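First up is the structure itself, then whatever we jot down about it.
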Amino acid sequence: MNDSRPVVVHMEDICKRFGAVQANNHISLSVRQGTIHAIVGENGAGKTTLMNVLYGVFPPDSGTVSLYGQPVRFRSPAEALQAGVGMVSQHYALIPRLSVLENLMLGGEGASLAPLPRAQVLARAQELAKVIGLQADWDAPAGALSVSQQQKVEILKLLLRDARVLIFDEPTAVLPPADAEAFFALLHRFTEEGRTVLLVTHKLQEVLGHADEVTVLRAGEVVATMPVREAPGAEPQIDARTLARLIVGEGGVLPEEELLLGKRLDDKPRLRVEGLVVPPIRSRAGLKAVSFEVYPGEVFGVAGVDGSGQAELIDALVGLAPPTQGRIWLNDEDITCAPPSARLRKGVRYIAEDRHLRGAILGWSVAENAALGLHRQGGFGSALSLSFARMKEFAQRIIARFAVRAPAADAPFSALSGGNQQKVVVGRALMETPVLLIAGQPTRGLDAASTRAVHHAIREACRQGAAALVVSFDLDELLTLCDRIGVLFDGRLVDIVEGERRRREEIGALMVGAVKGGGA
Amino acid sequence: MKTSWRLLLLPVAVFVVAVAVAAVVIALSGSPPLPALAAWWEGAVSAPGALPESLLNTTPLLFTGLAVAVGLLAGQFNIGVEGQLLMGALASAWVGFAVSGLPAPLHALLALLVGALVGGIWGWIPGILKAWRGAHEVITTIMMNHIAIYLTQYLVTKVWKDPNSMSPQTPEALPSAWLPILAEGTRLSVGLLLALATALLLWYLLKRTIWGYELRAVGANAEAARAAGVRVSRMIWGSMALSGAIGGLAGAVEVLGVHHRYYDQFSPGYGFDGIAVALLGNNHPLGVVFAALVFGAMKNGAVYMQSVTVPAVPREITTVVQAVVIFFLAAIRFQRRAG
Ligand SMILES: Nc1ncnc2c1ncn2[C@@H]1O[C@H](COP(=O)(O)OP(=O)(O)OP(=O)(O)O)[C@@H](O)[C@H]1O
Ligand SMILES: [Mg+2]
């Protein structure tokens, strides 16, 4: 490690407690200028909490933060930004209805009372956008942007305020691989400019590939801080296994890599989609005449570059977007126009790709969220006597089966760490074997062990007779879990690969439209 | 546990601040504030006959507070409770004087029902405009208020005017439509019990029924509710209709329980007061009961205070308290949502 670089961020002996949960327990951390410092740890280890302390979201119970050797005490993100510390949160904070430019003017977490002047923002934003490779219509509503564009807008927000220390909380959790690479190129550019990066991630390959130093947290404590490489660009000195071992601890189990394939249980398709056309929602293409089948016992993966029609496909399958043409059959029953409630009744379960947008209600308790969408299925009492006791009991079963770290079943949902929120959303859909599972990015924000547990749960459901459709940007996830993988390109299902052809290169080429698919 | 304490503490603290601000205003207007506050309290609680009058003032505020709260829980800001109240009041007054031959409890019941129904329709219209066309309910309900104000004025001066009176009012309702008096020697009718029952019923509806669960889901995150199978647009007009029906009941109970007829401008703005009541009650039906009690007593006490203070403190001082409550609670809640 090049120790001549000055320490920019120093956190000393930080403690933060939420009720009974000691989220941060005497954590100390030093980050040197111009480095990428990774922070890893299981879901609920305290990563986001620590970053929130640094960003002034809340003060620590004890401990000190210093910036360039000066003790600081940020009382709000606005103050942190003023001092050059900026953060892109795990859950983006753009206001979907406001335009991109308006969001930029609003700045960090709505904290500064006076927005920046429009003309000045526009001029600088256009300049900076070129640097970070953002091409966006400044007047388009921020909600219409793709995830990676939204992220760039968030980054732009920080750069506009000239943040020297950039905190990223799981920035690549939902980024397609190509965008993730571009993102890291950008990070390196930032460090070359002398900015300092703190990177929270569950993806160890990102740590090994890009970080200079790594700190491992477990149950609110630092278990190790070590250099990853001698100098930027050099080979990593540690391997993924060492890191994984540190993350789970002595008694923890390392999830082993194995294929989780299954077999068809029936030759009659569970889901049949024919000539489906859906107007664009979050892509340019929409869905253009897509046809395929999913059989009981099978996990059908959907690969594709972001914006190739995945959102439209999911929305049509769960009943949130009416197709303009084509048909959807569930077990020979035409459900093309059935509302979500009817599909839920027939056993269709949906894991929303964005848990905060669609998957959960943040202000509610874990128990109330556990029942969301299942509340009409009779398990929680009748229309006139909804039972909270039963919701709680159900939530407790999810908590037990998916090892959710929650203080209690009736704790507020927003008190859960991002990954633990995800486990509740996933668990809800899988506690009883669904007839058809529609899963969008089901392991978003999960640590390695939980990712594995969710994969097993999906596979187990299919063994019990479910059919599953999984949309993911993570090719590795699709390759371990899915029996067949359909590839979307520009709104068309260009091919369905299985058997021999289930290979990275093959799918990668199809995803960018490099080869014409044989099927579909 | 800890959070519920804070939920309780915040409205109390805000109310105390609001009264303090009112005291300052009283002092600035030249009256000694402490005796004025004492008189206020006396008029609200301890003077002879004060309590039943305070409860009488509480009744319409409880209804309108509940009406606003239901809307807010479903994510709908129903500013049109005033209009729904006026329409409901006039409709029930009409049933009261125009329908005859019904026995006592039935006649009153029918009048109440019609009042609720007409108020419900008056809330349902902006609800449907929002659900189907996306017209913002704040704008449309304000418009509906104006229509209600002028429509009732027209009807009560031209069509259903009491021929024996100079003022714009309907004929007196038949006694069979009157709400029974609760306690001998007071003006307090069973309307108060109706209001309390409505609060309880609403609490049950919101917390223990699927419909209430879905209503709260739509208010908290409409997109998530939609994905969870809730028919969001139905819920939008449904909640607005329910809110309007409760507003209509507020008017019907005032007419049938207190005035026994509709007269123009009988409501000093109960519908708008409901916004402060709902805010202070934290949109919780039982919280709204307490908030309505506080504001009802305050309104009543202010009348007495005005009569005994020198120079007289105008009873409109209660609007200062209301304004401060709305100001602080709206600001704090909004900030929480942003953060
Ligand atoms: N606002 C809060 N109220 C109560 N508990 C909280 C709150 N925020 C976090 N916690 C608890 O603190 C612990 C650490 O949470 P934190 O969000 O820091 O985890 P994390 O390491 O970021 O996890 P993930 O990888 O799942 O995002 C968790 O057990 C969580 O339940
Ligand atoms: Mg986190």
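From the gyration tensor of the Cα coordinates in region A:162-277, what semi-axes in whole Å does the equivalent ellipsoid have, largest first, with each one equal to sqrt(5λ)?
Numbers: eigenvalues 243, 104, 34 Å².
Computed over region A:162-277, the values are 35, 23, 13 Å.
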* Asked: Working from the pairwise distances between different alpha carbons, so that the mean of 1/r is found and then inverted, what is the protein assembly as shown's Kirkwood radius in Å?
  -> 30.1
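If you place +1 on the Cβ of every Lys and Arg, -1 on the Cβ of every Asp and Glu, and leave all else neutral, what size is the dipole of the protein assembly as shown about its Cα centre, to the nearest 20 Debye? Let's see the in-between values first.
Values: 75 positive and 72 negative charges, 233 e Å.
Using Cβ point charges on Lys, Arg, Asp and Glu, the protein assembly as shown gives about 1120 debye.
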* Please compute the Cα-Cα pair-distance distribution of region A:389-443 with 5 Å bins starting at 0, giving whole percents from short to long. => 4, 19, 31, 24, 15, 6, 0
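Relative to 2.2 N^0.38 Å, what does the C-alpha radius of gyration of region A:1-98 come to as a ratio? Two decimals please. Walk me through the numbers on the way to the answer.
Details: Rg = 14.1 Å, N = 98, 2.2 N^0.38 = 12.6 Å.
Cα Rg divided by the expected 2.2 N^0.38 Å: 1.12.
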* Asked: Hey, what number do you get for chain A at 222 nm if only DSSP H runs of n ≥ 4 count, each worth -39500 (n - 2.57), divided across all residues, to the nearest 500?
  -> -9000 deg cm²/dmol
* Excluding residues on the same chain fewer than 8 positions from A:Lys263, give the aspartates and glutamates whose Cα lies under 15 Å from its Cα. => A:Glu293, A:Glu298, A:Glu460, A:Asp483, A:Glu498
* To do: Could you estimate the translational diffusion coefficient of region B:89-229 from the Stokes-Einstein equation, with Rh from the Kirkwood formula over C-alpha pairs, at 25 °C and 0.890 mPa s, in whole µm²/s?
  => 136
* To do: Please name which of B:Val230, B:Val17, B:Asn145 has its Cα lying farthest along the dipole of region B:2-338 towards the positive end, using unit charges on Cβ (Lys, Arg +1; Asp, Glu -1) and the Cα centre as origin.
  => B:Val230
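In whole Å and largest first, what semi-axes does the C-alpha gyration tensor of region A:356-428 yield when each eigenvalue is scaled by 5 and square-rooted?
Numbers: eigenvalues 73, 31, 22 Å².
With the √(5λ) rule applied to region A:356-428, the semi-axes are 19, 12, 11 Å.
For region A:249-331, run through the trypsin sites (Lys or Arg not before Pro) and keep only the ones in DSSP coil with at most 14 other Cβ atoms within 10 Å of their Cβ. Mind dumping the intermediate values first?
Numbers: sites: A:Lys263, A:Arg264, A:Arg270, A:Arg272, A:Arg282, A:Arg284, A:Lys288, A:Arg327; in loops: A:Lys263, A:Arg264, A:Arg270, A:Arg282, A:Arg284.
Filter output for region A:249-331: A:Lys263, A:Arg284.
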* **Karplus-derived 3J(HN,Hα), 6.51/-1.76/1.60, for each residue of region A:332-349, Hz, glycine and proline x** => 6, 9, 6, 10, 3, 10, 5, x, x, 4, 5, 5, 4, 4, 7, x, 7, 10
* Structure fact -> Reduced to Cα centres, the span from region A:421-495 to region B:273-334 in Å works out to 54
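What does the charge dipole of region A:334-487 about its Cα centre add up to, to the nearest 20 debye, if the Cβ of each Lys and Arg holds +1 and the Cβ of each Asp and Glu holds -1?
Values: 19 positive and 13 negative charges, 76 e Å.
That gives region A:334-487 a dipole magnitude of about 360 debye.
Once Rh for region A:34-75 is found with the Kirkwood sum over Cα pairs, what is the Stokes-Einstein diffusion coefficient at 37 °C and 0.692 mPa s, in µm²/s?
Values: Rh = 11.6 Å.
Reported coefficient: 283 µm²/s.
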* Around A:Val214, which amide H atoms from residues at least 5 apart in sequence, or from another chain, sit under 5 Å from its own amide H, with H modelled in the peptide plane? -> A:Ala38, A:Met226, A:Val228
* Relative contact order for chain A, counting Cα pairs under 8 Å that sit 6 or more residues apart, in percent -> 15
* Which residue, chosen from B:Met298, A:Ile314, A:Val165, occupies the Cα position most advanced towards the positive end of the dipole of the protein assembly as shown, where the dipole is computed from +1 (Lys, Arg) and -1 (Asp, Glu) charges on Cβ about the Cα centre? -> B:Met298
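What order do you get for A:49-56, B:144-151 when each peptide is scored by the mean count of other beta carbon atoms within 10 Å, highest first? The partial results should precede the final answer.
Details: A:49-56: 23.9, B:144-151: 17.6.
The peptides rank, most packed first, as A:49-56, B:144-151.
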* Would you please give the residues with an amide H less than 5 Å from that of A:Tyr350, counting only those at least 5 places away or on a separate chain, with H modeled from the backbone geometry? => A:Ile438
* Calculated on alpha-carbon atoms, Rg and Dmax of region A:281-387 in Å -> 15.7, 46
* Going highest first, how would you order A:498-511, A:157-170, A:215-228 by mean Cβ packing within 10 Å? -> A:157-170, A:215-228, A:498-511
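Tell me, what is the Rg over Rh of chain B, with Rh the Kirkwood radius over Cα pairs? Don't skip to the answer; put the middle values down first.
Numbers: Rg = 20.1 Å, Rh = 20.5 Å.
Radius of gyration over Kirkwood radius for chain B works out to 0.98.
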* Structure fact -> Measuring from its Cα centre, region B:2-338 shows a charge dipole (+1 at each Lys and Arg Cβ, -1 at each Asp and Glu Cβ) which, in debye to the nearest 20, is 1100
* Cα-based reach from B:Lys207 at 16 Å (exclusive), listing lysines while leaving out same-chain residues under 8 positions away -> A:Lys392
* Structure fact -> The lysines whose Cα lies under 24 Å from the Cα of A:Lys288, excluding any fewer than 8 residues away in the same chain, are A:Lys516
* Efficiency of FRET between A:Asp139 and B:Leu193 - r from beta-carbon atoms, R0 60 angstrom, step 0.05 -> 0.60
* Specify which residue in the list A:Leu469, A:Ala409, A:Gly440 is farthest towards the positive end of the charge dipole of region A:320-478, using unit charges on the beta carbon of Lys, Arg (+1) and Asp, Glu (-1), about the Cα centre. => A:Ala409
* Debye intensity ratio I(q)/I(0), log10, region A:14-168, q values 0.14, 0.15 Å⁻¹ (C-alpha model) -> -0.73, -0.83
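Any read-out appearing in this document is the output of simple, stated calculations on the displayed coordinates, not a laboratory observation. This structure is a prediction, so every number in the text was calculated from the model and none was measured. A quick note on method: Cβ atoms are made from the backbone with ideal geometry, for glycine too, and the neighbour counts reach across all protein chains shown.
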